[in-house]
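Peer 1: Have a look at this one before I ask anything.
The values are calculated or read from the model by the stated rules, or taken from the named source; none is laboratory data. A quick note: this is a predicted structure, and the numbers were derived from the prediction, not measured. A quick note on method: Cβ atoms are made from the backbone with ideal geometry, for glycine too, and the neighbour counts reach across all protein chains shown.
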Amino acid sequence: MSQEPAVRRLTVVVDPGDRRLVSVFNTLDSERAKREYLHHYNLLTDETVVMLFQFRDDLDYARTVFDASSDVIHYNIPEQGNGLVYLHCEMNESLGGILSAVQQSEIIMAMPIEFLDDDCLRVTFIGEHESLHRILDKSAEFADIEIERVNEYGSEDRLSSVLTDRQQEILTAAVERGYYEVPRQATIGDIADAMELSQATVGEHLQKIESRVLTGSVR
C-alpha cells in the first residue's frame, strides 16, 4: 500500500517591494496607521477583494486615506472595533495573481496573515509538497518569497494554533528574560529592546498573548 503524501505547513515571508499588494496602501503612512493582521479575505468575481484587517494607531488618518482613494469601493472602521477595518477595494496585479493562485491550488492559506515592520507579510500555507511547490512558483511571479520554515502539519504544539509567529517570538523573549518569573526579572522595555520594537507594540502583543493562552486553557 502506498503511503499518502505528508501534509506540511510552509511559512514564508512575502516581500512585494514597490508592488504593494493593495494600491491604496501606497499612500498610507504605516507609521501613522499600522497594519497588524489580515484576518479574512474574499476574492469577488468582479476582480475586487473584500478584506478584514487589524489596524492600530491613528484610525482617523486611515479613514482620510480611504476616503481619498479611488481604489476603495467601501470601507468601515467601527469606533469600538478594536482596530478592525472592513475594506472593499480594487486589486492590483500582484494581489490578484497570488490570491487567484491560492484559489486554483489544493492548499489552504492559514489565517491571520501577519504584516511585518518592513511592509513584508508572513504567510503560512498548508498542503502537500507538490501543491506547496506550485504555489511558491506562482507567487514568486508577483513578489519576492523567502521560506522561513517547513514542518509537518500536526507536529506544531498547541501554542502555534492560537498565537501568530510574531507573538510566539515575543513570548519566547519574555520567558527567556524572566518576565513571567516571580519576582519579575525583566520589563516590557527589556523585551522591546531585545526585539527592536516599541514598548507599546510589545505591550499590546503581550496582552493578546495572555488573553489567547488563558482563554484557550479553560475551554
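Peer 1: I'm checking my understanding of the structure. Among residues of the range 9-36 that are under 24 Å from ARG149 (Cα atoms) and crowded, with 19+ Cβ neighbours inside 10 Å, which one is modelled with the highest pLDDT?
Peer 2: Among those residues, the one meeting the criterion is VAL12.
Peer 1: Kindly evaluate GLY178 against the criterion of being of a type in the set (Gly, Ala, Ser), modelled with pLDDT of 85 or more and not assigned by TED's automatic domain parsing to the domain that holds ASP57.
Peer 2: Spelling it out, GLY178 is indeed of a type in the set (Gly, Ala, Ser), modelled with pLDDT of 85 or more and not assigned by TED's automatic domain parsing to the domain that holds ASP57.
Peer 1: Please specify each residue of the range 206-219 satisfying the condition of being surrounded by 13 or more Cβ atoms within 10 Å (Cβ to Cβ) and either at pLDDT 85 or above or assigned to a loop (DSSP other than H, G, I, E, B) (or both).
Peer 2: Answer for the range 206-219, where residues must be surrounded by 13 or more Cβ atoms within 10 Å (Cβ to Cβ) and either at pLDDT 85 or above or assigned to a loop (DSSP other than H, G, I, E, B) (or both): just LEU206.
Peer 1: Give me the pairs, please: first residue somewhere in the range 66-80 and closer than 16 Å to LEU52 by Cβ, second residue anywhere and assigned to a loop (DSSP other than H, G, I, E, B), beta-carbon distance under 9 Å, and either six or more positions apart or on two chains.
Peer 2: Between residues of the range 66-80 that are closer than 16 Å to LEU52 by Cβ and residues that are assigned to a loop (DSSP other than H, G, I, E, B), the close pairs are PHE66/LEU28; PHE66/ILE77; ILE77/GLY83.
Peer 1: Okay, next question. Which residue out of ILE113, ILE108, ILE147 is surrounded by fewer than 18 Cβ atoms within 10 Å (Cβ to Cβ) and closer than 16 Å to HIS39 by Cα?
Peer 2: Criteria check complete, one pass: ILE108.
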